[in-house]
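Asker: Take a look at the following structure, please.
The values are calculated or read from the model by the stated rules, or taken from the named source; none is laboratory data. For clarity, every value in this text was computed on a predicted model and none was experimentally measured. All Cβ positions, glycine included, derive from the backbone under ideal geometry; neighbour counts span all protein chains shown. For the accessible areas, the whole protein counts, side chains as well, though only heavy atoms, and no ligand, DNA or RNA atoms are used. Shrake-Rupley method; radii C 1.70, N 1.55, O 1.52, S 1.80 Å.
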Amino acid sequence: MCLVTDYTLDIYLRQTWLDHRLNLAIFVVNHTVTMSGKDIISRMWKPDLFFRNVKEAAFHFVTVPNMLLKISPEGVVLYSMRLTLRLSCHMNFRYNPLDTQRCHLLLGTYAQTTDQVELAWQENNPIIVEEPLHLPEFDMTGYTFGSLLHSIDTGNFSFLNTTFTLKRQNGYHMIQTYLSTFMIVMISWVSFWLNVDAVPARVTLGVTTLLTLTTVAGGIRTNLPPVSYVKAIDVWIGVCTIMVFGVLLEFTLVNYLSRSKFPPEEFRKSIKIFSVIVSGYEILSVSINFRF
């Protein structure tokens with residue numbers, strides 16, 4: 001199951017095609033003609049492109065419409081514009097915050113079928129990413145591009161697609177999530193070195209660390225996307241909570257056995273059995289953490 005989120009792109013869309021009707025050689029024009037202005041460009045024939053997964057789009061008009069049209073003497077048309085797009089992206093958060101997402105950009109013709117217009121990427125540098133590129137939460141590790149045909153009841157249409165690979169930055173989560181919860185679990189283990197008769201100290205330490213971990217986990221879940229499946233961070237928080245809660249159970253059991261009327265031999269056997277169970281639980285917890 002994927003969650004549909006949004007991402008925003010600020011792009012320069014450049015289109016090139018050959019229009020024999022605009023051959024300027026017959027007018028003895030041997031240089032490229034540049035035109036700008038929305039009224040003039042709107043009268044020219046252009047491919048009816050649209051972005052399939054767009055939610056919002058906007059042209060830029062400051063200080064003039066950011067559009068450019070050049071016509072070479074041979075009739076080659078270059079049409080460039082600046083756009084800001086808000087696109088949908090299907091993300092999977094099962095490995096959050098150690099996840100890698102792939103967001104797509106799908107561009108195609110709306111009414112012109114393949115027998116009228118067929119789209120293709122430019123051979124040299126079809127996609128240029130301006131450097132340096134700074135994203136608040138992700139690092140773009142690469143991108144791929146391709147083309148495809150989409151067939152519906154109104155005909156066959158040509159499409160171009162681009163996939164951006166985004167890897168989540170882990171510095172924030174390492175400090176705010178993993179390190180803080182790890183320290184809380186370590187503090188709760190101090191109870192193992194306290195005297196079994198120090199009931200107020202051990203209970204206060206165990207309850208305080210459990211409530212602190214619950215508060216930290218609540219803050220972490222507030223910033224997570226609301227999805228129904230289990231995420232990697234949920235497994236980490238769950239294991240930490242179980243380990244802190246296990247400290248309270250260990251103290252309860254040890255205190256009960258120390259106050260019971262067991263003979264010393266049976267008491268030592270009970271403590272030994274419990275230590276084996278706790279050791280096995282710790283090994284299981286380490287194996288779960290290692291997988292994620």
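Asker: On a full-extension model of 0.36 nm per residue, what is the gain between residue 80 and residue 133, subtracting their alpha-carbon distance, rounded to one decimal in nm?
Answerer: Full-extension gain reported as 16.9 nm.
Asker: On average, how much area does the Cα convex hull of the range 78-141 cover when viewed from any direction, in nm²?
Answerer: Answer in nm², one decimal: 7.2.
Asker: Could you grab the relative contact order for the range 50-206? Cα pairs under 8 Å, six or more apart, rounded to a whole percent.
Answerer: After rounding, I find 21 percent.
Asker: Separate question: Sorting 118, 74 by accessible area (1.4 Å probe), largest first, what list results?
Answerer: The residues order as 118, 74, largest area first.
Asker: With unit charges on the beta carbon (Lys/Arg positive, Asp/Glu negative), name the residue among 179, 198, 225 whose Cα is farthest towards the positive pole of the charge dipole of the range 163-257.
Answerer: In the range 163-257, that residue is 225.
Asker: Here's a follow-up. Which residues' amide hydrogens lie under 5 Å from the amide hydrogen of residue 138, considering only partners 5 or more residues apart or on another chain, with H built in the peptide plane?
Answerer: Residues meeting the criterion, in which the H sits 1.01 Å from N, are 169.
Asker: With a Förster radius of 22 Å, plug the Cβ-Cβ distance of residue 20 and residue 68 into 1/(1 + (r/R0)^6) and report the FRET value to the nearest 0.05.
Answerer: For R0 = 22 Å, the calculated efficiency reads 0.55.
Asker: With +1 on each Lys and Arg Cβ and -1 on each Asp and Glu Cβ, how big is the dipole of the chain about its Cα centre, in debye rounded to the nearest 20?
Answerer: 740
Asker: Right, here's the next one. What distance in nm separates the simple spin-label points at residue 143 and residue 100, each placed 7 Å from Cα in the Cβ direction?
Answerer: 1.8
Asker: Okay, next question. Helix 264-291: angle to the longest alpha-carbon principal axis of the chain, degrees 0 to 90, nearest 10?
Answerer: Roughly 10 degrees, rounded to the nearest 10.
Asker: Which Cys residues of the chain have no other Cys Cβ less than 4.7 Å away and so no disulfide-compatible partner by this rule?
Answerer: 2, 240
Asker: Below 8 Å between Cα atoms, with a sequence gap of 6+, how large is the relative contact order for the range 93-173 in percent?
Answerer: 46
Asker: Separate question: Can you give the alpha-carbon Rg of the chain over 2.2 N^0.38 Å, where N counts its residues?
Answerer: 1.66
Asker: What is the magnitude of the charge dipole of the range 48-156 about its Cα centre, with +1 placed on the Cβ of each Lys and Arg, -1 on the Cβ of each Asp and Glu, and no other charges, expressed in debye to the nearest 20?
Answerer: So the dipole magnitude of the range 48-156 works out to roughly 300 debye.
Asker: If the elastic network links every pair of Cα atoms under 10 Å, which of 79, 256, 110 fluctuates the most in the Gaussian network model of the chain?
Answerer: Top of the fluctuation ranking is 256.
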